[in-house]
1. Starting from segment 152-173, take each residue that is farther than 24 Å from Leu77 by Cβ and list its partners that are among the charged types (D, E, K, R) and loosely packed, with under 13 Cβ neighbours inside 10 Å, counting only C-beta distances under 8 angstrom and pairs at least six apart or across chains.
2. Would you be able to say whether some residue in segment 345-363 is on the phi > 0 side of the Ramachandran plot, loosely packed, with under 15 Cβ neighbours inside 10 Å and in a loop (DSSP other than H, G, I, E, B)?
3. Go through (1) more than 29 Å from Tyr313 (Cα to Cα); (2) in a helix (DSSP H, G or I) for Ala114 and report which single condition fails.
4. Pro285 versus (1) buried (at least 24 other Cβ atoms within 10 Å of the Cβ); (2) part of a loop (DSSP other than H, G, I, E, B): which is the lone unmet condition?
5. Can you say whether Ser334 is loosely packed, with under 13 Cβ neighbours inside 10 Å and outside the structural domain of Asp243 (by TED's automatic domain parsing), as far as the supplied structure shows?
Amino acid sequence: MPSLTLENRWPRYASFAAGLGMIVFSALTIQHFFAANYPASIYAGSFCDINAFFNCNSSAFSPLALVAGVPLGYFGLFMGALVCLGALFPSEEFERTNHSLAWLNAIGVVSLGAYSVIATRSLCLLCSGYYVFSLVSFALFWRFGIDRDDPSLRKRWVRPSPKYLATFAVLLAIGAYGFREYHITKKEAQSGSAAAKVVEQYFSLPTVKTPTLVSPYWTARATENFEDAPIQVIEYADFLCPDCLYLSKQMQRLKEEFKGKLNVAFQFFPLEGKCNHVVAKDLHPGACEVAYIAAAVGPEKFAAIHDEIFANYNSAKRNPEWRSGLARRYGVESAMADAALQERVRQIIETGAEYDQTSDKYAHGVRSTPTLIINNRMVIGTFPYEQLRAIFQALVNKREQRKFMEKWQEGK
């Protein structure tokens, strides 16, 4: 009987290699998910720096990254393991079961790839590696698999062994439970030991100066003078950066929790060469246009348009018509032809060059988004809400302790 795994031929070894590739890329995807969502230190934040399209952070922050609290990559890891085991310990029942699962997996990876390209306008290279090896595995089952000559599609593709399916389901559930518990543990650690470590690392960072021009476009205001608030954040950001979108969601919660204690100045830093010479190529086409439109509404309405842009991130990123409509709604259609306005945005962008190098590869201090100057300490990338909250709370506590000591000294 013709078979992919029962015969000791090269397709069997190719099937094992495809399964191994699925395992490797799934493991890398899982590793990136945890690294992006739960960085181990303040030096490991996620940021937009390389390419707008090939960006694994969009996948890591996507709602589809988790299924019932389990990283999506785990299911790919399990599928890859089945393909490898099927090649190492072949049997008719094992191959028929894997044969049946192969087409389901192929439909899944095609759907996920389409979602990434269409919905997020990006593609994760790690995920793409899994997609490629999955489709290779599917092609091998299609070309060499058992029952391949049967005229019935159902008999050719849907003849799994109930015994094997039940066994796989139990093993899948056990592994999923373990990954779910690990994910919960990692998440809870962000408000415990991980948060304490990040706060310690934050205060060990060297202090940096305030830029010569602090943007007048604020998204949170506690005091008239920027330096008077217990928490002062200068946010170098790009409206079309997926990591900035993630940060905006964290900041939205923090602005409510630390209301009256927090000043946030939005320092335009679009990663597009049209208005930012730091960028070697246009990483986020349209980012300059969005910056001009947002600046044109003025400081008074800036917080509102800031929130609207991030709330409609996908439209802002991929739809020029939506951006034109945004300008019309705010009555700033002339923003793209306003030389004075564009010069003002350029001056804000240029303040990023005032900082010392953060990498030997780049001559510029600020060269990626988001980059935060929090109370004169530079923090690069995104971090979980719990870690940023811990830093903010430490700054509030420090200000309150200083006030207490000042009053105590006056009363002596």
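The values are calculated or read from the model by the stated rules, or taken from the named source; none is laboratory data. What you see is a predicted model, and the numbers here were worked out from it, not measured in a lab. Positions of Cβ are backbone-derived with ideal geometry, glycine not excepted, and every protein chain shown enters the neighbour counts.
1. Here the result reads Arg156/Asp150, each pair linking segment 152-173 to a residue that is among the charged types (D, E, K, R) and loosely packed, with under 13 Cβ neighbours inside 10 Å.
2. No, that holds for no residue.
3. Ala114 satisfies every listed condition except (1).
4. (1)
5. yes
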